[in-house]
Amino acid sequence: MVVPSNIFLVGFMGSGKSTVGQQLAAELGKEFFDCDRVLEERTGVDIPYIFDLEGETGFRRREAAVLRELAAKRGIVLSTGGGVVGDPDNRRALATNGFVVYLHAPAELLHQRTSRDRNRPMLYADDPRTRIDELLVVRDPLYREVADLVVETGRRGSRRVVQEIVRTLSDPPR
Ligand code: S3P
């Protein structure tokens, strides 16, 4: 089976990128990285704190730098932050350095999965459900633009999602 060297997971907050990424890396014997976790390790603070201090602009600058560094590696599975596709340079870095998988889930499910945690400053809104719709209008076409494969996560468990990705990688559509 010829599996691409790098596999990059993109998708909205709550689509399961980190869980699927870790399991996929273990399955394929690749090293796993998560952009946001690397950023937090480097800065010694969490994502909401970076947003507080430097705003979204500061966060995006740091995110782009970490992405450039991680995309230059080989043999990895990388989970990216949900907003990474907003920057054309980021999209290019993803598309040219690996096989990109978009984990797609319906907006309602994304809302359910993100509603309990307070670690996502992009969803600090009076009406997070509407905010999700607004962000998806912009982002969904960008996830699709950069993706080599779109996987419906729906209510399927992460194991099933990982299986589908591995199956497609080992037997790519012609
Ligand atoms: C963001 C998603 C987050 C994190 C940051 C911004 C976004 O990552 O990068 O809070 O703009 O969608 P997850 O997608 O892993 O939650």
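The values are calculated or read from the model by the stated rules, or taken from the named source; none is laboratory data. All values derive from a computational prediction rather than experimental measurement. Cβ sites come from the backbone with ideal geometry, for glycine too, and all protein chains shown count toward neighbours. SASA here: full protein model, heavy atoms, side chains in, ligands and nucleic acids out. Shrake-Rupley method; radii C 1.70, N 1.55, O 1.52, S 1.80 Å.
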### Task
Confirm whether R139 is within 15 Å of the ligand (Cβ to nearest atom) and open to solvent by 50 Å² or more (accessible area, probe 1.4 Å).
no
### Query
Has the stretch 147-164 got any residue that is farther than 22 Å from E31 by Cα and surrounded by 17 or more Cβ atoms within 10 Å (Cβ to Cβ)?
yes
### Query
With (1) part of a helix (DSSP H, G or I); (2) within 16 Å of the ligand (Cβ to nearest atom); (3) farther than 20 Å from E63 by Cα as the list, and D117 as the residue in question, which single condition is left unmet?
(1)
### Task
Select, from V66, V84, V100, the only residue that is modelled with pLDDT of 95 or more, surrounded by 21 or more Cβ atoms within 10 Å (Cβ to Cβ) and under 19 Å from E152 (Cα atoms).
V100
### Message
If the requirement is being more than 12 Å from the ligand (Cβ to nearest atom), of a type in the set (F, W, Y) and either without any contact (Cβ under 8 Å) to a residue 24 or more places away in the chain or crowded, with 21+ Cβ neighbours inside 10 Å (or both), which of these qualifies: F32, F8, F59, F12?
### Response
F8
